[in-house]
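Read the figures in this text as sums done on the coordinates, not as results from a lab. If you're wondering where the values come from, they're calculated on a predicted model, not measured in any experiment. All Cβ positions, glycine included, derive from the backbone under ideal geometry; neighbour counts span all protein chains shown.
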Amino acid sequence: MPITWRCGHCGNRVGVPNPVWQAGESKAIMCPVCAEVTALVHGAYYPPAREHAAVEHLPPDVDVAWNEAVNSAGAGAFTASEIMCRKILMHVAVDKTGADEGKAFTEYIDALDSAGYIPTGLKPKIDGSALGETSPTTSFLRLTRRWLTGRCPSPASCS
Ligand SMILES: [Zn+2]
């Protein structure tokens with residue numbers, strides 16, 4: 001069965017008919033574009049896809065948290081990844097809205113929403129994110145990246 005993925009080395013969406021190495025659920029797959037090898041272990045790819053990778057111009061503490069979120073997801077530690085994303089959102093809420101530290105996550109999201117930092121339609125997705133579930137966590141990582149890269153600077157610019 002063919003394997004398709006977004007290569008974490010070159011960023012291309014690629015596919016191969018077979019892994020170059022396999023033992024049980026662990027596979028090594030080689031990108032047909034850049035010839036770099038990716039590890040596929042229990043559904044997690046390492047290195048993770050570029051869409052989740054580096055975000056430029058982040059403050060150092062946010063950069064460290066973001067890299068930890070990406071690396072956790074790449075290692076299949078989706079709950080840890082989501083916790084780091086939540087930490088980033090809380091950090092942004094404290095920084096941008098003046099929210100007090102030590103509040104519940106939903107209070108930070110409400111503060112960001114009130115200040116116009118949550119694009120229209122995304123708040124239910126953030127509120128509805130169930131901690132530890134693979135699919136919402138992946139979207140949470142994507143959402144956080146979209147936010148950090150400034151693709152959604154205002155509610156009107158992002159749907
Ligand atoms: Zn590649």
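Using a 10 Å cut-off around each Cβ, can you sort V70, V41, V20, V14 from fewest to most neighbouring Cβ atoms?
On the way: V70 24, V41 15, V20 10, V14 18.
Taking fewest neighbouring Cβ atoms as first place, the list is V20, V41, V14, V70.
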Below 8 Å, C-alpha to C-alpha, sequence gap of six or more: please give me the relative contact order for the range 73-116 in percent.
32
So if each residue of separation counts as 0.36 nm, and I subtract the Cα-Cα distance between S114 and H57, what length gain in nm does that give?
18.0 nm
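Can you put S26, S72 in order of Cβ neighbours within 10 angstrom, beginning with the fewest? Spell out each step's value before the answer.
Details: S26 12, S72 22.
If I rank by nearby Cβ atoms, fewest first, I get S26, S72.
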Spelling it out for G11: with amide H atoms placed in the peptide plane at 1.01 Å from N, the residues 5 or more places away or on another chain with amide H under 5 Å from its amide H are R50
Sequence neighbours fewer than 8 away in the same chain don't count; with that in mind, list the lysines whose C-alpha is under 29 Å from K123.
K87, K96, K103
Run the dipole for the range 16-74 about the Cα centre, Lys and Arg Cβ at +1, Asp and Glu Cβ at -1, nothing else charged, and hand back the magnitude in debye, nearest 20.
320
Taking 0.36 nm per intervening residue step and subtracting the Cα-Cα distance, what contour gain separates C10 from A28 on full extension?
4.9 nm
Per-selection metrics, the range 1-106 (Cα): Rg and Dmax in Å
16.9, 52
